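Below is one structure, written out as structure tokens, with a few remarks after it.
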Amino acid sequence: MRRALYPGSFDPITYGHLDILRRARRLFDELVVAVVENPRKTSLFTADERRKLVEAALREEKIPKVRVVSYSGLLVDCARELGAVAVVRGLRATSDFDYEFQFALTNRDLDSEIESVFLMTAGQHSFLSSSLVKEIGQYGGDVSKFVPACVAKSLKAKFGTKKKPKEAR
Ligand code: ADP
């Protein structure tokens, strides 16, 4: 039984993440999504909200049998605890490469048994990021092309309670 871990901030989950997730499911017997709790990184959604949104998106997209966990601390420790043989990461453009290369080599230094696997996203998601979605959502734009309806709804609720940026004069 080959289990893989797909870690990330997922702040919030997008169709790009879901694309990688679907591809990874075909390669491994079991996939676990790990939502990172990083106190140094400011996120729009809390770790709990992000985990629940991943679960809701999986239900909405009818993707069964994917476990979702939250983790803080070292990724390799989380992978070991869950019995994962690989860490899955998505690549959009060459700009992702430097960071991912460093991340993979560091993880290999920490635990040489856990392999990093990189999957290339579909062309239409190659410019899609959670940051972009948040920026569009903040100004009340339509994010339905980028995220499932449950995420769009949560973004609306989040920004509805936040102060709108001042109008330019
Ligand atoms: P992190 O903060 O760990 O980079 P993200 O949630 O931003 O967390 O990303 C998690 C993983 O998903 C990363 O490997 C990232 O490259 C990948 N990813 C993010 N957006 C996309 C996308 N549009 N297409 C494919 N992979 C993506």
- Query: Going through the range 11-35 one residue at a time, which ones are among the charged types (D, E, K, R), farther than 24 Å from LYS158 by Cβ and either more than 10 Å from the ligand (Cβ to nearest atom) or under 13 Å from the mean Cα position of the chain (by Cα) (or both)?
  - Reply: ARG22, ARG25, ARG26, ASP29, GLU30
- Message: Tell me yes or no: at least one residue of the range 66-87 is at pLDDT 95 or above, of a type outside the set (A, V, I, L, M) and within 20 Å of TYR15 (Cβ to Cβ).
- Response: no
- Note on the structure: Taking the range 111-139 and keeping residues open to solvent by less than 90 Å² (accessible area, probe 1.4 Å), in a helix (DSSP H, G or I) and not basic (Lys, Arg) leaves GLY123, HIS125, SER130, SER131, LEU132, VAL133, ILE136, GLY137, GLN138
- Message: Residue under question is TYR71, and the condition is that it be farther than 16 Å from PHE118 by Cβ, open to solvent by 20 Å² or more (accessible area, probe 1.4 Å), within 11 Å of the ligand (Cβ to nearest atom) and within 16 Å of the chain's Cα centre (by Cα); does it hold?
- Response: no
- Item | Residues located in the range 5-19, provided they are over 16 Å from VAL151 (Cα atoms) and crowded, with 23+ Cβ neighbours inside 10 Å | LEU5, TYR6
- Message: Anything in the range 123-132 that is closer than 21 Å to ALA24 by Cβ and either more than 8 Å from the ligand (Cβ to nearest atom) or more than 17 Å from the chain's Cα centre (by Cα) (or both)? List them, or say none.
- Response: GLY123, GLN124
- Message: When the residues of the range 83-102 are narrowed to those that are under 16 Å from the mean Cα position of the chain (by Cα) and open to solvent by 90 Å² or more (accessible area, probe 1.4 Å), which ends up nearest to the ligand (Cβ to nearest atom)?
- Response: ARG92
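Per-residue answers, yes or no, for (1) away from the ligand (no atom under 11 Å from the Cβ); (2) part of a loop (DSSP other than H, G, I, E, B):
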position	(1), (2)
LYS62	yes, yes
ALA104	no, no
GLY141	yes, yes
CYS150	yes, no
- Checking SER154 against (1) assigned to a helix (DSSP H, G or I); (2) surrounded by fewer than 12 Cβ atoms within 10 Å (Cβ to Cβ), the condition it does not meet: (2)
- Looking only at residues in the range 25-46 that are of a type in the set (D, E, K, R) and closer than 19 Å to ASP11 by Cα, which one is least open to solvent (accessible area, probe 1.4 Å)? GLU37
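The values are calculated or read from the model by the stated rules, or taken from the named source; none is laboratory data. Quick caveat: nothing in here was measured; it's all calculated off a predicted structure. Because the Cβ atoms are built from the backbone with ideal geometry, glycine has one as well, and the counts that use them run over all protein chains shown. Each accessible area value is taken on the protein alone, full model and side chains, heavy atoms only, with ligands, DNA and RNA left out. Shrake-Rupley method; radii C 1.70, N 1.55, O 1.52, S 1.80 Å.
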